[in-house]
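Everything below concerns the one structure shown next.
The values are calculated or read from the model by the stated rules, or taken from the named source; none is laboratory data. This one's a predicted model, so the numbers in the text were calculated from it and none came from an experiment. A quick note on method: Cβ atoms are made from the backbone with ideal geometry, for glycine too, and the neighbour counts reach across all protein chains shown. These area figures cover heavy atoms from the full protein model, side chains too; ligands, DNA and RNA do not enter into them. Shrake-Rupley method; radii C 1.70, N 1.55, O 1.52, S 1.80 Å.
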Amino acid sequence: MIVLQSGGKKQGRQEADNWFVKMAGLGMWELGLTGLKVTSIGYGSSPLGNAYGYVAEEDAIASVHEAARLGIKYFDVAPSYGDTLAETVLGKALKTMPIPRESYVVSTKCGRYGGGATTEISFDFSAERVTRSVDESLARLKLDYLDIIFCHDIEFASLDQILNETIPALQAVKESGKVRHIGISGLPLKIFRYVLDRAPEGAVEVVLSYAHHSLNDTSLLELLPYLKSKGVGLINASPLSLGLLTEKGTPHWHPAPLEIKTICAQAAKACKEQGKSIAKLAVQYALRNRNLITTLIGMPSVAEVRENVRIAIEAEHGTLDIDEELLQQVEQILQPVKNKTWPSGLLENN
């Protein structure tokens, strides 16, 4: 990787830019049957809500613009990321994007709210609330329409309410032109089958799953044939498992049990002792699986954007320089918690 030191910042950036041009940038892939085309790496905006520590607004906006400049064409956010902070900051960035609106995809979510430093998380999937939520998000994002609206973490609600009230309400919003496609998100994988087996064909077009295709958990792969048979697009998110696979470690709110946190910390330590980054290894691991159309990654700095785009391009070109020996060592450390997760939402949805 080319490191941009202050003394040779312009030269370093030019060298890096030359590399991105030479590699012809990121490719585009169709997301299920939506007709939308997304890049293999998407910009996850949860860090813009200070979920993992403070991010200055100017740094956040610069990272969004750098992502667009380097070819990322998918940006995801939610009103519960920092109690609307992430949507507000992303909206400021989108207002001055260096690429036209029709060239990129934006998704946000509804049903989950709060999440700020002084506000608790709450859930409301009623027809009235999700309808109003779309208008609120459009205002914060400074957009005329959303490419995708997700029902956010549906395991915290009755799945029958999602089917019988929430999705029909969003279909009405879709008919108004404010939303183009409807999706569902959550942690327990079983919720997707329940909803997709009962929803009218084409009502739910996209699924967003997080923390299930990473170094410590690859259980998402079992769902791929089912989603393909349904014609539903899949968005993979959080290859770092919400901070488990980072040198810094998990934020205070991370729901994983102590066993998972401890063993993931051991894996991170093993990488650090060899002068390597477990976060980089985790991103490489996730992006080299080309059966996954797109992976959302939080990257609230220009440096992180450039690093992750570089990895994505290398993965697409089959030139990924992954340390197989280190990978094997890390996988061995993580084996005791392989595919172990944590409960989320209502008991019956786990």
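Here LYS269 is the anchor, and the aspartates and glutamates within straight C-alpha reach of less than 20 Å, apart from those fewer than 8 places off in the same chain, are ASP217, GLU247, GLU259, ASP323, GLU324, GLU325, GLU331.
How big is the dipole moment of the chain about its Cα centre under a simple scheme where the beta carbon of each Lys and Arg is +1, that of each Asp and Glu is -1, and everything else is neutral? Debye, nearest 20, please.
With only Lys, Arg, Asp and Glu charged at Cβ, the dipole is about 560 debye.
For the stretch 18-108, the equivalent ellipsoid derived from the alpha-carbon gyration tensor has semi-axes of 23, 16, 11 Å in decreasing order. A helix-only calculation puts the chain at -11500 deg cm²/dmol for mean residue ellipticity at 222 nm, using -39500 (n - 2.57) for each DSSP H run of at least four residues, averaged over all residues. Restricting the calculation to Cα atoms, the stretch 37-184 shows an Rg/Rh of 0.96 when the hydrodynamic-style radius is the Kirkwood one. Restriction of the trypsin sites (Lys or Arg not before Pro) in the stretch 175-262 to DSSP coil positions whose beta-carbon has at most 15 other beta-carbons within 10 angstrom yields LYS248. Rg and Dmax, both from the Cα atoms of the stretch 24-342 and both in Å, are 18.5, 55. Each of THR246, ALA68, VAL206 was scored by the projection of its Cα onto the charge dipole of the chain, and the greatest displacement toward the positive side belongs to ALA68; charges sit on the C-beta of Lys, Arg, Asp and Glu.
Tell me which GluC sites (Glu not before Pro) from the stretch 106-183 have a DSSP coil assignment and no more than 12 other beta carbons within 10 Å of their own.
When the GluC sites (Glu not before Pro) of the stretch 106-183 are filtered for loop state and at most 12 Cβ neighbours within 10 Å, GLU120 remain.
Label separation (GLU273 vs ASN350): 3.3 nm, computed from points 7 Å beyond Cα along the C-beta direction.
Taking every alpha-carbon pair within the stretch 170-254, the share separated by more than 15 Å comes to 62 percent. Sequence-distant contacts, meaning Cα pairs under 8 Å at least 6 residues apart, place the relative contact order of the chain at 20 percent.
Per-atom-type breakdown for the stretch 24-342 gives carbon and sulfur 50% of the accessible area (1.4 Å probe, protein chains only). Using a probe of 1.4 angstrom and keeping all protein chains present, the accessible surface of the chain works out to 43 square angstrom per residue.
When the GluC sites (Glu not before Pro) in the stretch 301-348 are filtered for DSSP coil states and for at most 11 other beta-carbon atoms within 10 Å of their beta-carbon, no site remains.
Take every DSSP beta bridge whose two residues both sit in the chain; close to 15 percent of them are antiparallel.
List the aspartates and glutamates whose alpha-carbon lies under 13 Å from that of LYS230, not counting same-chain residues fewer than 8 positions away? Within reach: ASP197, GLU201, GLU205. Between the stretch 166-229 and the stretch 285-342, what is the separation of their alpha carbon centroids in Å? For the stretch 166-229 versus the stretch 285-342, the Cα centre distance is 23 Å. Taking a quarter of the surface of the Cα convex hull of the stretch 196-311 gives a mean projected area of 8.6 nm².
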